[in-house]
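**Q** Sharing a structure below in structure tokens format, with a few things to ask.
The numbers here are math on the coordinates, done by the rules we state, and not lab data. What you see is a predicted model, and the numbers here were worked out from it, not measured in a lab.
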């Protein structure tokens, strides 16, 4: 089963170029961690200072006993966190064209 999520964050005005540069140079180990965690899709969009992250997680592809190098993850967060004026927050879904309906009401 695929679970979709949307997250938003805000950048500091002077950190846009740095944040984008970091994402053009993501270490392979970070990519490996993301894929092994079951993420089939992870996309980040930017409009001005606003970031939007779209995620698709597939529990059937997650490697349960995977090795996560905590130092690699911590290093990535040390690089990216100073770029944020407001860090990632999950956005609740309020409508989906695909959601089932009962008597006209969306069923979540």
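**Q** What Kirkwood hydrodynamic radius do you get for the stretch 2-92 when you take the inverse of the mean 1/r over all pairs of distinct Cα atoms, in Å?
**A** The Cα-based Kirkwood calculation yields 14.0 Å.
**Q** Please report the projected area of the stretch 32-78's Cα convex hull averaged over all directions, in nm².
**A** Numbers: hull surface 15.9 nm².
Reported value for the Cα convex hull: 4.0 nm².
**Q** Right, next: Relative contact order for the stretch 2-92: what percent, with Cα pairs under 8 Å and sequence separation of 6 or more?
**A** 49
**Q** Length gain on complete extension for the stretch residue 41 to residue 18, per 0.36 nm per residue less the alpha carbon to alpha carbon distance?
**A** Details: separation 23, 0.36 × 23 = 8.28 nm, distance 2.29 nm.
Contour length minus the Cα-Cα distance gives 6.0 nm.
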